[in-house]
Amino acid sequence: MGAGKPGRSNAEWIAALQSSGADQAAALAELRAYLLRAALFTLRRVRHHVSHLGPGELSQLAEDCAQEAMTAVLQRLPHFRGDSRFTTWAYAFAVNIALVAARRERWARVPLERVLESGASPAALPGDEGVPSDPERSALRAEAIAAIRDGIEQHLTPKQQQALRAVIFEQVPLDELARLWGSNRNALYKLLHDARRKLKSHLAARGFKVEEILDLFVGGG
Amino acid sequence: MNRGQLERLLRLVARTEEDELSCSACFDLLPHYVDLEVAGEAPDARIPLLRPHLEQCAVCREEYETLRELARLEAEGRLSSTDDLGRTL
């Protein structure tokens, strides 16, 4: 493959991919090699997430990701604006597709419905266990916890509470929750963004700055 | 909710902005941002909305970190060959 040698310019990539015959075939083969390398690189970085797969299965997964990325790159080619190097733009597809696949493999055996149901309840916010007692600080902590609990329970929709529990508390990837709910990453990001905005407004209305609450729990005793 | 989960929630709420990029917009801007960063330019000055999204979104952040490393190694001529990557999977 051409990586490591002086590469094609962006204009040369676009022209070759949109040409025909031998020029196009060579550009397609070169692009596929770049995408396979990016997929292999990505899967190796998250090898611990896919440790149940053998080398043969991982190689096949990389091939599949490269193929899917190839399709995506060719479909989006008319939208390439040239702000970045063409190869960086193309790599982004391979990286995205390989990471989505790795997350799917990692979470495939985790029953997400159970995570959503059994995750930490907002009612079970941490108190002062194990923290040296300072009556004034303890009272402020209790007040802050009550405000957070109220914000979650009274101001977030059940869907927002579930998304918050899964994505922020249990660190379920957005892709995986989106797959479970038949949704997409953008919609879930917006759901959580709205939830964060509501919580921030609610805490401000109760007289709390979020940074001050953080200091109460993260700062010293 | 344990203390770590509470801290994570509060940090995300503290950094919440009225307007934030969507994941799709982040994906579209990421290659340019990464190229600027690898070239030693200041990506946040050119694309200011991207970093706040990366701080909020763990999956986009993972993709950014991977793409940045890939682009950096390639720019330095230190990216392993396909064969080597395949062998060390």
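Read the figures in this text as sums done on the coordinates, not as results from a lab. Quick caveat, the model's predicted, so the values are computed rather than measured. Please note: Cβ atoms are built from the backbone with ideal geometry, for glycine as well, and neighbour counts cover all protein chains shown.
Find, among the GluC sites (Glu not before Pro) in chain B, those assigned to loop by DSSP (not H, G, I, E, B) with at most 16 other beta-carbon atoms within 10 angstrom.
Answer in residue order: B:GLU17, B:GLU18, B:GLU41, B:GLU76.
Under a Cβ-only charge scheme (Lys and Arg +1, Asp and Glu -1), can you give me the dipole magnitude of the stretch A:8-52 about the Cα centre, in debye to the nearest 20?
Values: 6 positive and 3 negative charges, 83 e Å.
Dipole size: approximately 400 debye.
More than 34 angstrom separation, counting every C-alpha pair in chain A; what % is that? Walk me through the intermediate numbers first.
Working: 9481 of 24310 pairs.
The proportion of pairs with Cα distances above 34 Å equals 39 percent.
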Please name whichever of B:SER81, B:GLN56, B:CYS23 sits farthest to the positive end of the charge dipole of chain B, dipole taken about the Cα centre and charges placed at Cβ: Lys and Arg +1, Asp and Glu -1. B:GLN56
Hey, rough spin-label estimate for A:ASN186 and A:ALA29, points 7 angstrom out along Cα→Cβ, what's it come to in nanometres? 3.8 nm
With at most 10 neighbouring Cβ atoms within 10 Å, loop trypsin sites (Lys or Arg not before Pro) (DSSP) excluded, longest segment of chain A: A:110-221
For A:LEU77 and B:ASP19, extending 7 Å from Cα along the Cα-Cβ vector and measuring point to point gives, in nm, a value of 3.5 nm
For chain A, with a Gaussian network of springs between Cα atoms less than 10 Å apart, report the residue from A:LEU188, A:LEU17, A:LEU43 with the top mean-square fluctuation. A:LEU17
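Using only the alpha carbons of the stretch A:1-106, what is the convex hull's orientation-averaged projected area in square nanometres?
Dividing the Cα hull surface by four gives the mean projection, 6.9 nm².
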Of the candidates A:ASP23, A:ASP175, A:ASP83, which one comes out as most mobile in a Gaussian network treatment of chain A with C-alpha springs shorter than 10 Å? A:ASP83
Please tell me the relative contact order of chain B in percent, rounded to the nearest whole number, where contacts are Cα pairs under 8 Å and at least six residues apart. 28 percent
Can you tell which of A:ALA25, A:ALA62, A:ALA195 shows the greatest fluctuation in a Gaussian network model of chain A with Cα springs below 10 Å? A:ALA25
Write out the trypsin sites (Lys or Arg not before Pro) in the stretch B:18-89 meeting two conditions: DSSP loop, and at most 16 other Cβ atoms within 10 Å of their Cβ. B:ARG78
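Taking the Cα centre of chain A as the origin, how large is its charge dipole in debye, to the nearest 20, when only Lys and Arg (+1) and Asp and Glu (-1) carry charge on their Cβ atoms?
Roughly 520 debye, rounded to the nearest 20.
Hey, what D do you get for chain B in µm²/s if you plug the Kirkwood alpha-carbon radius into Stokes-Einstein at 25 °C and 0.890 mPa s?
D = 165 µm²/s.
What FRET efficiency would be calculated for the residue pair A:THR157, A:ARG114, taking the C-beta separation as r and a Förster radius of 22 Å, to the nearest 0.05?
Between A:THR157 and A:ARG114 the formula returns 0.55.
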Let me spell out the model: positive unit charges on the Cβ of Lys and Arg, negative unit charges on the Cβ of Asp and Glu, origin at the Cα centre of the stretch A:34-122. What dipole size does that give, in debye rounded to 20? 300 debye
